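The values are calculated or read from the model by the stated rules, or taken from the named source; none is laboratory data. Predicted model only: the values in this text are computed from it and were never measured. Reconstructed Cβ throughout: ideal geometry from the backbone, glycine too, with neighbour counts over all protein chains shown. Calculation scope for accessible area: heavy atoms of the full protein, side chains included, ligands and nucleic acids excluded. Shrake-Rupley method; radii C 1.70, N 1.55, O 1.52, S 1.80 Å.
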Amino acid sequence: MITLETGDGEKVDFYVLEETRISGMNYLLVTDAPDDADEGECYILKDRSKAEEEEAVYEFVEDDDELDYLYRIFTELTEDMDVELKK
């Protein structure tokens, strides 16, 4: 589980399902549903941290082309898991 802090200081918990590194960039597939929940929303986060930063800085991937590409990657990575990804 990771906790993200929004711009207005609200803390939101996400559960990491999978991670990958593509072209030097780290991506996380996360959900807002705990492990024992049947359904939840999934999001793809991009690590925008710089090496000197103490804490990780993530942003939601919003570009449609990038999302489509990453969706295909994460679908393959999670095919052996009990996870069904839908757009």
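A few remarks follow.
- Complete set of residues in region 34-55 that are in a loop (DSSP other than H, G, I, E, B), open to solvent by less than 60 Å² (accessible area, probe 1.4 Å) and at pLDDT 85 or above: 49
- Of all residues in region 68-87, those that are open to solvent by less than 100 Å² (accessible area, probe 1.4 Å) have Cβ atoms under 7 Å from Cβ atoms of residues that are at pLDDT 90 or above and part of a loop (DSSP other than H, G, I, E, B), 6 or more apart or on another chain, in 70/61.
- So residue 63, is it modelled with pLDDT of 90 or more, of a type outside the set (S, T, N, Q) and surrounded by 10 or more Cβ atoms within 10 Å (Cβ to Cβ): yes
- Qualifying positions in region 56-80 - part of a loop (DSSP other than H, G, I, E, B) and more than 21 Å from residue 14 (Cβ to Cβ): 79, 80
- The residue that is nearest to the chain's Cα centre (by Cα), counting only those in region 46-58 that are without any contact (Cβ under 8 Å) to a residue 24 or more places away in the chain and within 12 Å of residue 29 (Cα to Cα), is 46.
- Of all residue pairs spaced 6 or more apart or on separate chains, those with beta-carbon atoms under 8 Å, a first member in region 7-18 that is surrounded by 10 or more Cβ atoms within 10 Å (Cβ to Cβ) and a second member that is acidic (Asp, Glu) and in a strand (DSSP E or B) are 12/5.
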